[in-house]
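One structure is given below, encoded as structure tokens.
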Amino acid sequence: MSAAGLLAGCAHSQAQPERPAVIEKPGDAARAELQSVVAGMLGVNDVVLAANALTQSAVLFVEQGNQRDASGRQLDGRNLGRPEEFHLLRSGTHCVLLHVNKGTRRELRHIQCRGL
Amino acid sequence: MNRENGMMFAKTCWQRGTRVAALVLALSGLSACGGQSDNQKFGNGGTGGTGNGDTVPYTTGVYPDYKSLANQCSSAAAENNFLRSWINDTYLWYREVPDLDPNGTADPLDYFDLLKTSATTTSGADKDKFHFTYDTDVWEQLSQSGVSAGYGAQWILLSAVPPRDVRVAYVDPATPASSQGIQRGDKVIAVDGADAINGDTQAIVDTLNEGLFPENLNETHEITLETAAGTQYTATLVSQNITSTPVQSTHVVNTGTKMVGYMLFNDHIATAESQLITAVTTLRDAGVNELVLDIRYNGGGYLYIASELAYMIAGPAATNGKTFEELTFNDKYPTKDPITGDTLEPVPFLPTDSNNAALPTLNLNRVFVITGSGTCSASESIINSLRGVNVTVVQIGGTTCGKPYGFYPQDNCGTTYFAIQFKGVNDAGFGDYSDGFSPGNTTTAAGTSIVGCSVVDDFDHALGDEAEGRYAAALQYIATGSCPAAPPGVVEKLRSGNRIVDGFMVKSPLRENRILGGRLR
């Protein structure tokens, strides 16, 4: 999406009442877009998402370093940080992903969603 | 490399100036680097050379600012130099680390392994059991909370060497494993035709690891299991991105005199917060006056989740103004966090969730915790923090792992280093439980003894089943004030010879071998 398109989308979205939403009819294209947008908002090349991400809940948490030691314990078992949190919002006729930690938003152009 | 439990995982070596990561087999002791990485030379003059290029200036006892040495990746010596200064600045026990010439070791991972205390605890165990590295690109992989490749069956290794005993600890709902009817306690007999109990060739070990711990999606493996009743069946499992459920089971038992709440809590991941709130609300609304918190397989994670749960258990009266955990760094940083630069403030018992909504509370002055060697880090913080505000913690099960420590993972030149930097202490100032917490009637454990009952893990019953050994012991203690008479079992050490008394959990698709050979060790 172009910068102009993004700005236009956000300006339009913010003028509409918003409510939490979930993805409808998730297919390969929707999953690919969600994965791309989430990765882009986090500034990484890739992120692992479940096939049903944001289809049953409007909230998506993303964590770093979910690695385990040889005993299956979290490597960082006393983690002082917080996860990355995303909310899917229905804004008018648009689906918008909000990155709560940074307050940034991106419109999802190819995903259908319904408000909860 | 992670050398806990004597295993080595990823090995990095220098080859023509390039670091090459390769898996090594713990059982064979072979590495992709031959003997090169173990060729260590030490000295005080800085002239030993690492065999891979430049040397760096070195003066005994003088440590340049580690930040100025970061990400200088042209030679092993340069990377070692960073590690030497970083450890000296931030490692909790930096005074117990030898000053080693950074020019004397050819592999930074080997050099890092030496930069730790060699002291032992009162039990004779290593004082520092948590000193390891990970490839940065793997460590930094991001994933949806609780999502990883697998089947949804959590294996536990009661014996990783022949005759092996690999069991199902629990199964996440709505996963390939649950749909195939796999249940807790089922014993792995074979994987893709390979004998899981006695198979002892390298090929069999590889087959077992590849089948039980798939690294990729859509891998199909046939796993033959045996139920507690002795029935064998074969499950055809296809690996998927599995979403784990950290709070699986919550219910209430009315004993006639008590309303006992039970909660199975397996992981301090982000999705646990809402599930814990739902569970505690259910228990509160049911009017529970005793709680059995099952954290036997909970290895920790986010500390804020632990603080919220401790608050929900104890309630505001017991925790108001009290410290959940205070972090203490080495004596160079008595007032500031060495990594963030923030002024050190005690971590409070958090009365609200991530959305600043008030948390439900049970307001209990006693809690039963079901534990084992898999109970670690943030889970141990729950135990310690509650004890610090005079909530009685009754421990049922086995000795916990003993990790009152934490760290900020540090990246340098493609490797992420984990070295202990802080210790957590409770409101009473206690944090010395590096040998774990042990139930009071444990006969040989070296851990910090607290009231409770030593009970072996019972794989013949589901978690949350009132007949399950540890849960039954908790219920008995609630009813009678005493531990089961027989057989309580003695659950103390993670290992006894090659037999792992309390088992160890393997939760996610790690990139290393866990099943071991016997003769090949």
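Things worth noting here:
- Any hit, segment B:401-419, residues being touching a residue at least 24 places away in the same chain (Cβ under 8 Å) and over 25 Å from B:Gly341 (Cα atoms): yes
- Scanning segment A:34-45 turns up at least one residue that is at pLDDT 85 or above and surrounded by 22 or more Cβ atoms within 10 Å (Cβ to Cβ).
- Residues that are part of a strand (DSSP E or B), aliphatic (A, V, I, L, M) and either more than 10 Å from chain A (Cβ to nearest Cβ) or open to solvent by 10 Å² or more (accessible area, probe 1.4 Å) (or both) within segment B:125-150 comprise B:Leu142, B:Ala149, listed in sequence order.
- From the list B:Ala119, B:Ala153, the one residue that fits, being more than 13 Å from chain A (Cβ to nearest Cβ) and touching an Asp or Glu at 6+ places or on another chain (Cβ under 9 Å), is B:Ala119.
- Total residues in segment B:96-124 satisfying the condition of being closer than 21 Å to B:Lys332 by Cα, without any contact (Cβ under 8 Å) to a residue 60 or more places away in the chain and open to solvent by 10 Å² or more (accessible area, probe 1.4 Å): the figure is 7.
- Scanning segment B:69-95 for residues that are under 26 Å from B:Tyr433 (Cα atoms) and open to solvent by 10 Å² or more (accessible area, probe 1.4 Å) yields B:Asn88, B:Asp89, B:Leu92, B:Trp93, B:Tyr94, B:Arg95.
- Evaluating B:Lys322 against the criteria (1) out of contact with any Lys or Arg (no Cβ under 9 Å at 6 or more places or on another chain); (2) closer than 25 Å to B:Lys403 by Cα; (3) open to solvent by less than 40 Å² (accessible area, probe 1.4 Å) leaves one unmet condition, (3).
- Of the listed requirements (1) among the β-branched types (Val, Ile, Thr); (2) surrounded by fewer than 22 Cβ atoms within 10 Å (Cβ to Cβ); (3) at pLDDT below 95, B:Val252 misses just one: (3).
- Sole exception among (1) at the interface with another protein chain (Cβ under 7 Å from one of its Cβ atoms); (2) at pLDDT below 95 for A:Leu60, by number: (2)
- Scanning segment B:169-182 for residues that are within 13 Å of chain A (Cβ to nearest Cβ) and β-branched (Val, Ile, Thr) gives a single hit, B:Thr175.
- Here B:Pro334 meets each of (1) farther than 23 Å from B:Thr400 by Cβ; (2) open to solvent by 10 Å² or more (accessible area, probe 1.4 Å); (3) in contact with a helix residue (DSSP H, G or I) (Cβ under 8 Å, 6 or more places away or on another chain); (4) of a type outside the set (Gly, Ala, Ser) with one exception, condition (3).
- Checking each residue in segment B:228-241 for being open to solvent by 40 Å² or more (accessible area, probe 1.4 Å), in a loop (DSSP other than H, G, I, E, B) and under 20 Å from B:Gln154 (Cβ atoms) picks out only B:Ala228.
- Boolean, B:Val491 is at pLDDT below 95 and more than 14 Å from chain A (Cβ to nearest Cβ): yes
Residue-by-condition table, conditions (1) crowded, with 24+ Cβ neighbours inside 10 Å; (2) out of contact with any helix residue (DSSP H, G or I) (no Cβ under 7 Å at 6 or more places or on another chain); (3) within 14 Å of another protein chain (Cβ to nearest Cβ):
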residue	(1), (2), (3)
B:Ser354	no, no, yes
B:Ala358	no, yes, no
B:Thr361	no, no, no
B:Val391	no, no, no
B:Thr400	yes, no, yes
B:Gln410	no, no, yes
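- Residue in segment B:203-216 that is assigned to a strand (DSSP E or B) and open to solvent by less than 50 Å² (accessible area, probe 1.4 Å) present: no
- Selection status of A:Ala50, facing chain B (nearest Cβ under 9 Å) and either free of Cβ contacts under 8 Å to residues at least 40 places away in the same chain or within 20 Å of B:Leu217 (Cα to Cα) (or both): yes
- Condition met for B:Ala272 (open to solvent by 50 Å² or more (accessible area, probe 1.4 Å), hydrophobic (A, V, I, L, M, F, W, C), over 17 Å from B:Asn426 (Cα atoms) and in contact with a Pro (Cβ under 7 Å, 6 or more places away or on another chain)): no
- So A:Leu98, is it part of a strand (DSSP E or B), open to solvent by 30 Å² or more (accessible area, probe 1.4 Å) and free of Cβ contacts under 8 Å to residues at least 40 places away in the same chain: yes
- Filter result for B:Asp435 (acidic (Asp, Glu) and crowded, with 20+ Cβ neighbours inside 10 Å): yes
- Test result for B:Ser179, surrounded by fewer than 22 Cβ atoms within 10 Å (Cβ to Cβ) and of a type in the set (S, T, N, Q): yes
The values are calculated or read from the model by the stated rules, or taken from the named source; none is laboratory data. Here the structure is a predicted model, which is why all the values come from computation and not from measurement. Counting neighbours? That spans all protein chains shown, and the Cβs are built from the backbone with ideal geometry, glycine included. What goes into the accessible areas is simple: the full protein's heavy atoms, side chains included, and nothing from ligands, DNA or RNA. Shrake-Rupley method; radii C 1.70, N 1.55, O 1.52, S 1.80 Å.
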